[in-house]
Amino acid sequence: QVQLVESGGGLVQPGGSLRLSCAASGSIFRFVMGWYRQAPGRQRELVARMDGGGTTYYADSVKGRFTISRDNAKNTVSLQMNSLKPEDTAVYYCGAHYSLYDYWGQGTQVTVSS
């Protein structure tokens, strides 16, 4: 079992940057790690994902602006968010996936507003 804790959320102006971090209580070596977000009135959506081999996926809405990274030795996953837009406002969640197992963090609020 893996526990996930997100940090780094906050209020930022449009065009600004923010870096989210996800700390896992156990090894994430076998896990596909992802960042998700849920905006008001919308379903949770996949923002970015990285498997153990470094293969990444990005939602079209964030491609070129967000970058996911992971450090298996430190059991951490990060999401660098640049050129933030008001539409990026949401609660961001860290997820870990392996086989039939899914683990989720509690989420961190990101608000992009002037």
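The values are calculated or read from the model by the stated rules, or taken from the named source; none is laboratory data. Not measured: the values here are computed from a predicted model. For neighbour counting, all protein chains shown are included, and Cβ atoms are generated from backbone atoms with ideal geometry for every residue, glycine included. Quick note on the areas: whole protein, heavy atoms, side chains included, nothing else; ligands and nucleic acids left out. Shrake-Rupley method; radii C 1.70, N 1.55, O 1.52, S 1.80 Å.
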Carbon/sulfur accessible area of the chain, % of total, 1.4 Å probe, equals 47 percent
Using the basic label-point model (7 angstrom from Cα toward the beta carbon), what is the residue 21 to residue 71 distance in nanometres?
0.8 nm
With every protein chain present, what is the per residue accessible area of the range 8-114 (1.4 Å probe, Å²)?
54 Å²
Quick one: putting +1 on the C-beta of Lys and Arg, -1 on the C-beta of Asp and Glu, what dipole do you get for the range 1-57 around its Cα centre, in Debye to the nearest 20?
80 debye
Tell me the accessible surface of residue 99 in square angstrom (1.4 angstrom probe, heavy atoms of protein chains only), to the nearest ten.
90 Å²
How about the range 65-114: which trypsin sites (Lys or Arg not before Pro) there lie in a loop by DSSP and see at most 14 other Cβ atoms within 10 Å?
74
Say each of residue 13 and residue 87 gets a label point 7 Å from the Cα, pointing the same way as Cα to Cβ; how far apart are those two points in nm?
2.2 nm
Shape category assigned to the range 5-85 from the gyration tensor of Cα positions, a/c cut at 1.5
prolate
